[in-house]
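*Asks:* Quick one: the structure is below, questions incoming.
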Amino acid sequence: MTAASREAVGGAVLVEQVLARYRERTVTELLRHIPEQSPPYLYDLASDYPARPCKGLRSALCLATSAAFGGDPRRAMNPAVTVELFHNAFLIHDDIQDGSELRRGGPTLSAQYGVEVALNVGNATNLLGLRRLMANRRALGGELAWRLFEETELMCRQSLEGQAMEIAWIRDNACDLVPADYYRMCLKKTSWYTFLYPCRAGLLVAGGAARGEERRLDRFGWYLGAAYQIQDDVLNLIGTLEGYGKEIAGDLWEGKRTLVLIHLLERCSPAERARIVRYLSRTRAQRGPGAEEDVHWLLERMTAYDCVASAQEAAAGLVTAAEREIAAVLQDWVPVPAEDGEGGGDTGEEGAVDGQEAAEAREFLLALPGFVVTRDR
């Protein structure tokens, strides 16, 4: 094993350890705020997705960014829970829109309980996220709470616009897309709510946004979000059900315009393109189970034209850019001197900045890009 390989393995181990620790903290706090009294099929189901095995990436990013830039871990917990709640609400609604049957290794809420129940649970999960935003006013003060509210509104708007783009491409059978269209969708749908929003929220709690780190951290989030989405698209095609936790080739059944599919449409022969366009013009229900042969053929053509490999190369380039941005912003960051016992290193007091946790959080951010394109789930 080369030195670079050993470093990559060590980075992946660190990322997994930090994700596991932050996930446990966040889920414990999240479940504590779900109402115990509930009409049937509402709040009791709002805990379903958060309690399933998951990466907890978004809440971990919020906590790690805050710690890396000198923030108080205790002050960042409620924003991290907010991030996780909105994420799970998006997942529930996403599964309804996509007709997905599996999520995190189990049946989706819509598959198990029906669309009506799942839609209501998704709305309730958004409501719980709003309640956590409201709680920031008491915990963090009115000004910071409002800034976090503005960030949440921006994230929701960008995510909804990105989702609308993807839905429109399927509905209108868009077959003339170019990679730039895909990247624009990724920025809105994936980068904003998976990376930019958690990082910006964590940075706000740490007090770093006013000192210029935000813009460079945004570039880190944009590059990493696009790489993350490409890897997700690739795993959907060549991953394993055990590792990926969702339906393999589900994107092809749903007709999603991934970078892999865009590359195929650019490279295939006219006759192949006509078959692909005809396949994509029908909904999953219209195709029926007999479309399995078409799905296998699409996978074979993607392999023949090196579409998966070229998408992976694009993701690797984005990862390199993300690594450059996060290394630069962390290298240039200068801690703010402590005032009134807050910040400024490990004070040993509850809620104060822990020097070891801050150092590990920085290592986590540095190792995360490489993890994003080597993960199997």
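The values are calculated or read from the model by the stated rules, or taken from the named source; none is laboratory data. Just so it is clear, the model here is predicted, and its values are computed rather than measured. Heads up, the Cβs are rebuilt from the backbone with ideal geometry, glycines too, and the neighbour counts pull from every protein chain shown. Remember, those area values only see protein heavy atoms, side chains included, never the ligands or the DNA or RNA. Shrake-Rupley method; radii C 1.70, N 1.55, O 1.52, S 1.80 Å.
*Asks:* Report whether or not Leu144 is of a type in the set (A, V, I, L, M), out of contact with any Cys (no Cβ under 9 Å at 6 or more places or on another chain) and free of Cβ contacts under 8 Å to residues at least 40 places away in the same chain.
*Replies:* For Leu144, the condition - of a type in the set (A, V, I, L, M), out of contact with any Cys (no Cβ under 9 Å at 6 or more places or on another chain) and free of Cβ contacts under 8 Å to residues at least 40 places away in the same chain - is not met.
*Asks:* With the requirement that a residue be β-branched (Val, Ile, Thr) and either farther than 22 Å from Trp192 by Cβ or crowded, with 24+ Cβ neighbours inside 10 Å (or both), what does region 218-257 give you?
*Replies:* Scanning region 218-257 gives Ile230, Ile238, Thr240, Ile248.
*Asks:* Please go through region 48-59 and give me each residue that is outside any loop (DSSP other than H, G, I, E, B) and either exposed (fewer than 13 other Cβ atoms within 10 Å of the Cβ) or not hydroxyl-bearing (Ser, Thr, Tyr) (or both), ordered by number.
*Replies:* Asp48, Pro50, Ala51, Leu57, Arg58, listed by residue number.
*Asks:* Pick out the one residue from Leu31, Leu45, Leu19, Leu63 that is in contact with a Pro (Cβ under 8 Å, 6 or more places away or on another chain) and either surrounded by 18 or more Cβ atoms within 10 Å (Cβ to Cβ) or of a type in the set (Phe, Trp, Tyr) (or both).
*Replies:* Every option except Leu63 fails the conditions.
*Asks:* Among the helices (runs of 4 or more DSSP H) contained in region 125-217, which hold 3 or more residues that are at negative phi and open to solvent by 60 Å² or more (accessible area, probe 1.4 Å)?
*Replies:* Passing ranges, in order: 142-171.
One line per residue, one yes/no per condition, for (1) at pLDDT 50 or above; (2) assigned to a loop (DSSP other than H, G, I, E, B); (3) buried (at least 19 other Cβ atoms within 10 Å of the Cβ); (4) of a type in the set (Gly, Ala, Ser):
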{"residue": "Pro335", "(1), (2), (3), (4)": "yes, yes, no, no"}
{"residue": "Asp346", "(1), (2), (3), (4)": "no, yes, no, no"}
{"residue": "Glu350", "(1), (2), (3), (4)": "no, yes, no, no"}
{"residue": "Val353", "(1), (2), (3), (4)": "yes, yes, yes, no"}
{"residue": "Glu357", "(1), (2), (3), (4)": "yes, no, no, no"}
{"residue": "Pro369", "(1), (2), (3), (4)": "yes, no, yes, no"}
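*Asks:* Hey, does region 270-283 have a residue that's without any contact (Cβ under 8 Å) to a residue 40 or more places away in the chain and within 16 Å of Asp376 (Cα to Cα)?
*Replies:* no
*Asks:* Out of all the residues in region 83-95, is one or more in contact with a Cys (Cβ under 7 Å, 6 or more places away or on another chain), open to solvent by less than 40 Å² (accessible area, probe 1.4 Å) and at pLDDT 95 or above?
*Replies:* yes
*Asks:* When you scan region 84-94, do you find a residue that is over 16 Å from Val18 (Cα atoms) and out of contact with any helix residue (DSSP H, G or I) (no Cβ under 8 Å at 6 or more places or on another chain), even just one?
*Replies:* no
*Asks:* Determine which single condition Glu36 fails, assuming it passes every other condition in (1) open to solvent by 80 Å² or more (accessible area, probe 1.4 Å); (2) among the charged types (D, E, K, R); (3) part of a helix (DSSP H, G or I).
*Replies:* Checking Glu36 against (1) open to solvent by 80 Å² or more (accessible area, probe 1.4 Å); (2) among the charged types (D, E, K, R); (3) part of a helix (DSSP H, G or I), the one that fails is (3).
*Asks:* Collect the residues in region 146-169 that are in contact with a Phe, Trp or Tyr (Cβ under 9 Å, 6 or more places away or on another chain), farther than 13 Å from Thr82 by Cβ and of a type in the set (A, V, I, L, M, F, W, C), keeping them in residue-number order.
*Replies:* Leu154
*Asks:* Taking the criterion of being farther than 26 Å from Ser159 by Cβ, of a type in the set (Lys, Arg) and over 22 Å from the mean Cα position of the chain (by Cα), would at least one residue in region 60-74 satisfy it?
*Replies:* Yes, region 60-74 contains at least one residue that is farther than 26 Å from Ser159 by Cβ, of a type in the set (Lys, Arg) and over 22 Å from the mean Cα position of the chain (by Cα).
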